[in-house]
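Structure record follows, encoded as structure tokens.
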Amino acid sequence: MQIKTEKFQSDMDLMKERFAKLLLGEDMSGGGKGVSSALALSNAITNLAASVFGEQWRLEPMSPERKARWRKEIDWLLSVTDHIVEFVPSQQKAKDGTSMEIMVTHQRTDLRMNIPALRKLDAMLIGHLDNFKEKQEFWYVSRDAADSEKGVRAHDEKWWLPTVKVPPNGLSDGARKWMHFQKDSVNQVLKAAMAINAQVLAEMDIPENYIESLPKNGRASLGDSIYRSITVEFFDPEQFLSTMDLSTEHKILDLKNRIEASIIIWKRKMINKDGKSSWSSAVSLEKRELFEERAESVLILIKQRFPGIPQSALDISKIQYNRDVGQAVLESYSRVLESLAYTVLSRIDDVLYADSLIQNPSLTDSERKLSIESMGEEMEKNATETHGAMTLSDFMGWNFDQGDNEQRRESADQDDTTDD
């Protein structure tokens with residue numbers, strides 16, 4: 001009993017410390033020089049995830065202590081959203097039986113939809129790590145081990161990661177298929193987290209200081225070479241990316257920053273097309289819209305191909321100057337889950353890479369990567385054909401009431417009849 005009381009008191013003291021930092025905006029001097037509540041909460045979630053997941057270097061379950069800490073402290077931080085509400089109309093019956101419309105409060109719609117979804121993604125990711133608690137057909141060797149004992153590393157630049165070893169004949173067919181199934185499942189979680197994060201960031205206001213830092217035209221932002229490639233008569237985003245130097249993370253991020261800046265510039269030029277603003281342009285509205293759509297398609301491809309790259313200048317600026325606490329929680333929570341999903345995906349790829357070295361030792365790195373991806377895509381295609389196409393709502397288990405579904409079907413049938 002005394003141990004439970006001491007633990008409860010310890011948790012209370014820790015919670016007081018966490019919320020004191022939030023209230024003070026991380027300025028522990030109390031001088032009022034702290035950051036906004038939204039940014040303080042965003043930083044708190046980011047720092048918590050870094051301390052809990054920062055050393056998830058192996059495919060293995062989280063320790064019970066780390067798992068308990070994550071559950072407890074993320075619940076504290078998410079509890080803030082329970083008190084972010086909006087007014088909605090509701091019907092109330094008086095004592096005499098008459099109905100009247102009143103305004104009541106409930107949790108803000110974006111939070112009511114996305115917080116449960118993110119919690120489910122959170123639980124699924126930790127569950128995927130738990131799947132590796134049984135003995136597997138691969139193991140890890142410390143980086144300090146002798147060269148003869150070391151396995152292979154898919155990315156030589158990540159020297160701090162332990163290397164993976166598989167049996168002399170590689171993984172068994174069953175183990176290989178199971179690894180690809182795990183990869184596909186984690187990839188679905190990654191896509192869902194990315195979709196929520198992208199939606200939240202898109203709804204955040206663009207800070208004025210970011211806009212003021214932009215050049216006045218898209219050519220200056222992109223550079224002559226990239227600008228010419230985007231404004232050609234016939235444009236293919238895949239072909240465009242294949243001509244870009246994306247050999248390093250820095251170059252990928254630089255291209256993403258340039259593309260995002262040009263999109264903002266072109267959008268503002270279209271908005272100010274009739275004004276005398278310095279953002280107005282002599283180029284036709286149709287061409288400006290076409291260029292902006294092309295840039296958007298390139299940006300989507302970059303985000304899909306390189307989910308693990310750091311945040312862009314626009315994203316950082318939005319997060320820094322955002323004042324909406326609800327959006328700050330959704331953005332940071334989805335971002336740390338996106339990061340964890342990408343980490344787990346990378347660790348699975350390390351195992352598949354080690355296996356592919358044994359199966360096809362003559363393949364180059366690029367050919368080996370394509371071989372791994374093609375097998376994964378084939379399994380994903382088979383799963384889709386078996387279960388049918390899944391929407392994000394299906395994946396997250398957002399089920400509507402059966403009666404509502406019937407009403408929607410009847411309404412849709414009526415609409416189809418009317419359209420004919």
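The values are calculated or read from the model by the stated rules, or taken from the named source; none is laboratory data. Since the structure is predicted, the reported quantities are computational estimates derived from the model, not experimental observations. Cβ atoms come from the backbone with ideal geometry, glycine included; neighbour counts cover every protein chain shown. Calculation scope for accessible area: heavy atoms of the full protein, side chains included, ligands and nucleic acids excluded. Shrake-Rupley method; radii C 1.70, N 1.55, O 1.52, S 1.80 Å.
What number comes out for accessible area per residue over segment 227-361 if the probe is 1.4 Å? Units Å², please.
Details: 6330 Å² over 135 residues.
Normalised by residue count, the accessible surface of segment 227-361 is 47 Å².
Would you mind calculating the gained length between I211 and S247 on full extension (0.36 nm times residue separation, minus the Cα-Cα distance), in nm to one decimal?
Between I211 and S247, full extension yields 10.1 nm more.
So, in nm, how far is label E238 from label D173 when the simple model puts each one 7 Å beyond its Cα toward the Cβ?
Output for this residue pair reads 3.1 nm.
If you take the Cα Rg of segment 52-95 and divide it by 2.2 N^0.38 Å, with N the number of residues, what do you get? Provide the component values of the computation, followed by the final result.
Numbers: Rg = 19.8 Å, N = 44, 2.2 N^0.38 = 9.3 Å.
Taking the Cα Rg and dividing by 2.2 N^0.38 Å, one obtains 2.13.
Using the eigenvalues of the Cα gyration tensor, what equivalent ellipsoid semi-axes result for segment 1-140 when each is taken as the square root of five times the eigenvalue, whole Å, largest first?
Working: eigenvalues 268, 118, 57 Å².
Values for segment 1-140, descending: 37, 24, 17 Å.
Between W159 and R305, what is the FRET efficiency for a Förster distance of 25 Å, r being their Cβ-Cβ separation, to the nearest 0.05?
It comes out at approximately 0.55.
How many nm is it between the label spots at A20 and A198, if each spot is 7 Å from the Cα in line with the beta carbon?
In this crude label model, A20 to A198 measures out at 4.3 nm.
Per-residue HN-Hα couplings for segment 292-303, Karplus 6.51 cos²θ - 1.76 cosθ + 1.60 at θ = phi - 60°, whole Hz, x for Gly and Pro?
So the Karplus estimates, Gly and Pro as x, are 5, 5, 5, 5, 4, 5, 5, 4, 4, 4, 4, 5 Hz.
Using a 1.4 angstrom probe on heavy atoms only, work out the carbon and sulfur share of the accessible area of segment 51-135 in %. Provide the component values of the computation, followed by the final result.
Working: 2750 of 5090 Å².
Here carbon and sulfur together make up 54 percent of the probe-accessible area.
Sorted by packing (mean other beta-carbon atoms within 10 Å per residue), highest first, where do 236-249, 109-122 land?
Details: 236-249: 12.1, 109-122: 18.1.
Taking the mean over residues of other Cβ atoms within 10 Å, the ranking is 109-122, 236-249.
Could you compute the FRET efficiency for E293 and S29, with r as their C-beta to C-beta distance and R0 at 56 Å, rounded to 0.05?
Numbers: r = 49 Å, r/R0 = 0.88.
Computed FRET efficiency for E293 and S29 comes out at 0.70.
Treating segment 178-315 as a set of equal point scatterers at the Cα positions, no solvent, please give the Debye-formula log₁₀ I(q)/I(0) at q = 0.13, 0.14, 0.18, 0.20 Å⁻¹.
These q points yield log10 I(q)/I(0) values of -0.62, -0.71, -1.11, -1.30.
Taking 0.36 nm per residue of separation and subtracting the Cα-Cα distance, what length does fully extending K133 through Q91 add?
9.9 nm
Taking 0.36 nm per intervening residue step and subtracting the Cα-Cα distance, what contour gain separates A50 from V141 on full extension? Don't skip to the answer; put the middle values down first.
Details: separation 91, 0.36 × 91 = 32.76 nm, distance 2.39 nm.
Using 0.36 nm per residue and subtracting the Cα-Cα distance, I get 30.4 nm.
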